[in-house]
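What follows is calculated from the coordinates using simple rules that are stated; it is not laboratory data. Predicted, not measured: the structure shown is a model, and the values here were computed from it. Positions of Cβ are backbone-derived with ideal geometry, glycine not excepted, and every protein chain shown enters the neighbour counts.
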Amino acid sequence: MDLLSSFPHLIPQNAERTHYRGFIAIKEQSFFIDVRLKSLTSLEGISLLCDWKLKDLLRDYQQLLYQRLLQTKKLVDFVHELRRIAASLKSGVLLILAFVDCQHHCELQLEAQHRNDGGLITARVGLYESLIEEIEQIGWERVAFVDQTFRELHLTVEDGSCRTHTLKIHLHNEHPREAPRCSTDLPKAFDFIWIPESHLSDLLDQFCHNLDQYQDLWDNFDEIDKMTWILEPEKCSRGDLYRRIALVISPLKLKLNNNLHEWDVSLTLLYNLEMVLEKKLPSPSETNKQDFSVECGICYSYRLGDEIPDQACDDPRCGQPFHHSCLYEVKTGP
């Protein structure tokens with residue numbers, strides 16, 4: 001593979017082609033580098049200079065770059081490795097290759113010498129190599145986080161409505177013989193099938209299949225969140241299955257009872273609510289949250305410990321909300 005065909009913006013500075021200067025593109029951004037060779041037949045004694053942004057990006061990975069330099073025989077291969085490492089770091093991914101080749105290999109080597117068990121190194125390093133292959137198959141762009149021990153991975157995917165979801169994978173010490181532990185933003189527990197021959201891609205496929213089941217729910221909640229004032233939860237997540245919204249409707253129960261039969265499951269949740277209640281719900285684009293009296297009429301606070309006002313006056317002229325415990329205290333007090 002020719003250097004100029006792979007990196008056309010790296011220009012040779014001499015006839016011997018032992019000195020190159022120019023730019024390499026990494027994640028749609030160009031970085032300046034200056035490469036000098038002592039010989040065309042060897043990378044020994046290579047000199048690499050780069051701009052301060054790339055230097056800062058690679059600051060903690062000089063040992064990895066040195067190892068890659070020792071493993072490559074051609075300049076073009078080394079520049080490819082340089083770009084791959086920088087691209088992974090620039091994506092916010094803690095580069096797996098760094099601690100596979102450096103940290104863990106050294107630690108496992110010491111552990112193996114202590115145990116006098118050379119097979120441990122081969123088994124563990126082989127595991128890391130296979131995991132790297134799996135991640136490359138999934139795509140580095142889907143990796144949001146990898147911890148230093150290579151036991152926790154966060155993979156991100158988009159559903160059919162371009163919502164981003166994160167699958168947090170905690171690998172078992174006996175991976176892949178034992179199933180990993182997963183946490184998600186799904187409304188229900190993520191139940192998946194895992195056998196010793198399973199791969200991370202299998203896990204991700206099952207996660208994507210689970211996402212498909214909640215598309216209608218999330219579409220409705222997105223519309224509710226955008227078009228109404230949400231009182232509860234304070235910070236909505238994809239795992240929440242409820243919304244408490246601000247209403248200025250009285251008498252609420254009467255309208256619900258009279259119109260509930262008109263509910264049409266083929267229409268959106270917001271449309272049905274406004275149809276049944278015979279009124280457009282307060283919108284953030286037209287009203288302020290402070291316009292709604294949501295505080296308890298007894299203690300004059302909204303949140304009382306973990307309790308929120310969940311009782312309202314039945315008088316259509318009032319509708320004042322109250323905490324259940326406040327009403328109980330008033331009714332049973334001296």
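Packing around the peptides 163-171, 237-245, taken as the average count of other Cβ atoms within 10 Å per residue, puts them in this order, highest first: 163-171, 237-245.
What is the local net charge at S39, summed over the other residues whose Cβ is closer than 15 Å to its Cβ (Lys, Arg +1; Asp, Glu -1)? Before the final figure, lay out the partial values.
Numbers: positive: R17, R36, K38, K73, K74; negative: E16, E44.
Local charge sum for S39: +3.
Shown is the FRET efficiency for D219 and H199, computed with R0 = 25 Å from the Cβ-Cβ distance and rounded to the nearest 0.05: 0.20. Remark on G319: its backbone amide H falls under 5 Å from those of C313, a criterion applied only to residues 5 or more positions apart or on other chains, H modelled at 1.01 Å from N.
Calculated on C-alpha atoms, the gyration radius of segment 3-90 divided by its Kirkwood radius gives an Rg/Rh of 0.93. Place a point 7 Å from the Cα of L254 along the Cα-to-Cβ direction; which residues of segment 310-324 have their backbone N under 11 Å from it? From segment 310-324, the list is 315-317. Net charge in the neighbourhood of N259 (other residues with Cβ under 13 Å of its Cβ; Lys, Arg +1, Asp, Glu -1) is -1. Gain on full extension, evaluated as 0.36 nm per residue between E178 and D212 minus their Cα-Cα distance, stands at 9.6 nm.
Applying 1/(1 + (r/R0)^6) with r as the Cβ-Cβ distance of S5 and I132 and R0 = 35 angstrom yields a FRET efficiency of 0.85. Sequence-ordered 3J(HN,Hα) estimates for segment 44-56 from the Karplus curve with 6.51, -1.76 and 1.60 and θ = phi - 60° stand at 5, x, 5, 10, 10, 10, 8, 6, 5, 5, 5, 4, 5 Hz, glycine and proline given as x.
Peptide packing: for 36-45, 20-29, the average count of neighbouring Cβ atoms within 10 Å per residue gives the ranking 20-29, 36-45, highest mean first. Between rounded, prolate and oblate, where does segment 192-314 land on the alpha carbon gyration tensor, with a ≥ b ≥ c its root eigenvalues, rounded for a/c under 1.5, else prolate if a/b exceeds b/c? Taking the square roots of the gyration eigenvalues as a ≥ b ≥ c, segment 192-314 is prolate.
Using only Cα atoms, what Kirkwood radius does segment 216-282 have, in angstroms? Let's see the in-between values first.
Values: mean 1/r = 0.0792 Å⁻¹.
The Cα-based Kirkwood calculation yields 12.6 Å.
So, R0 is 41 Å and r is the distance between the beta-carbons of H154 and D310; what FRET efficiency does that work out to, to 0.05?
On the way: r = 36 Å, r/R0 = 0.89.
After rounding, the FRET efficiency stands at 0.65.
The distance between label points at E274 and T164 comes to 3.0 nm (points 7 Å beyond Cα on the Cα→Cβ vector).
Of the cross-linked pairs K53/K168; K27/K226; K279/K331; K235/K331; K253/K331, those separated by over 26 Å at the C-alpha level are K53/K168; K27/K226; K279/K331; K235/K331.
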